[in-house]
Each structure stands twice: as C-alpha cells, then as structure tokens.
Amino acid sequence: METSAADARPEKDSADAETPPRIGYWHIWTDDQGVSRQSRCALEHFFLKGIGGAAAQWNDAQPEERASVVFTVQPVGWVGEWHENPAPQWIVPLAGRWWVESMDGTRVEMGPGELSLGEDQHCVADAHGRKGHRSGTIGSEPAVLMTVRLSHSAPHRPCHKR
C-alpha cells in the first residue's frame, strides 16, 4: 500500500485561541508478531500556556526523558535497505523528500515539516529477510533529516493507544 505525500502533511485544523490544533504524524511501530506497520496518528493533547514570559501558545508537551539530536543528510538516490530505527525517534525532514516502507507493505513519502515517529524496534525477520523498514531519498536533492532519539522503550501499539 502506497500513501501519497499529500496524505502525510500535518493537519493544522485550527490556530485560534479556542480550538486546540491537531498535528498529524506517521508512526512506524512493531506489532505483537514482530511485523513493522505504519499508522496515521495525531498530536492532540494541546494546552494554552506561555513559555518564558511570552504570550500563551498551543503546546503538546511530550514526556520528559533523555534524548539526543542527530542531523543526517541522505544523498540523492540513497536507499537504506531493511533495518530498524536505532532507538525510538522523532524524524523531521528539513529539506528534500524521503520515503519509508514498513514490512506490511505500506510506503509513506514525506517532505519538509512532516513528522514520523520511528519505533520499529524488535521486529522479526520474515521469509523474505525483511526486518524493520526500508527508506530512501526521492528526487534530485538530498534529504536532510533531524532526528530526536529518545530513551524509552517502544510500545507494541499504534499511536501509543491503550
């Protein structure tokens, strides 16, 4: 199943002071059988609060934990064959375009400003040797990505639903 880039754009339903926004993201996760899957999710726990003396703005605070930031530049034509994310991580394309294909056959294409949460750790290789995901660049320019690697363990459920 291929998903077009238009389906992967963050949803900005509202920017007013009464209606909390929803920001969409793609979540690659591992099911209980060890198969990576991708689900469309949304950040939707926004609250109004000023930060550092600034006027109130919408915030969706993620759980506090240790994290590291890694910037990557994937050359034109780059393909990362089957692999798992090294740790749970938020991936934010800054320039260029890239794609991610999960073991269930879902392929998602993303560009600048779109979000992905990579939590496909602990996959089980299938009969074709696929484990985790494949990814690569699209088009005639490198994909520049910012990753925020987290220290928590990845849950086996999409969108962190209980």
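Using the Cα gyration tensor of the stretch 118-162, with a ≥ b ≥ c the square roots of its eigenvalues, what is the shape: rounded (a/c below 1.5), prolate (a/b larger than b/c) or oblate (neither)?
Oblate is the answer for the stretch 118-162, as a/c is 1.5 or above yet b/c matches or exceeds a/b.
Compute, for the chain, the length of the dipole vector about the Cα centre, with Cβ point charges of +1 (Lys, Arg) and -1 (Asp, Glu) only. Units Debye, rounded to 20.
The dipole magnitude comes to about 180 debye.
Would you mind telling me which residue in ILE23, ILE51, ILE138 has the biggest mean-square fluctuation in a Gaussian network model of the chain, where springs connect alpha carbons within a distance under 10 angstrom?
Sorting by GNM fluctuation, first place goes to ILE51.
So which residue, out of ALA55, ALA143, ALA125, gets the largest mean-square fluctuation from a GNM of the chain using Cα contacts under 10 Å as springs?
Maximum fluctuation in the GNM of the chain, among the listed residues, is at ALA55.
Bin by bin, in steps of 10 Å, what percent of the Cα pairs in the chain do you find, going until the bin that has the longest distance?
Each 10 Å bin holds this share of Cα pairs: 11, 37, 36, 14, 3, 0.
In a shell of Cβ-Cβ distance under 10 Å around TRP98, excluding TRP98 itself, what net charge do Lys and Arg (+1) and Asp and Glu (-1) give?
Cβ neighbours under 10 Å give a net charge of -1.
Shape call for the stretch 84-126 from the C-alpha gyration tensor, a ≥ b ≥ c root eigenvalues: rounded (a/c under 1.5), prolate (a/b greater than b/c) or oblate?
Verdict is oblate for the stretch 84-126.
Separation between the GLU18 and GLU44 pseudo-spin-labels, each 7 Å from Cα along Cα→Cβ, expressed in nm?
2.0
If a cysteine in the chain has no other Cys Cβ under 4.7 Å from its own Cβ, put it on the list, ordered by number.
By the Cβ distance rule, which asks for a partner under 4.7 Å, the isolated cysteines are CYS123.
How many percent of Cα pairs in the stretch 45-125 exceed 19 Å?
When all Cα pairs of the stretch 45-125 are counted, 53 percent exceed 19 Å.
Lys and Arg at +1, Asp and Glu at -1: add these up for the other residues within a Cβ distance under 9 Å of THR30 and post the number.
-4
Just so you know, all these numbers are worked out from the coordinates, no wet-lab data involved. Nothing here was measured: the structure is a model prediction, and the numbers come from that model. Reconstructed Cβ throughout: ideal geometry from the backbone, glycine too, with neighbour counts over all protein chains shown.
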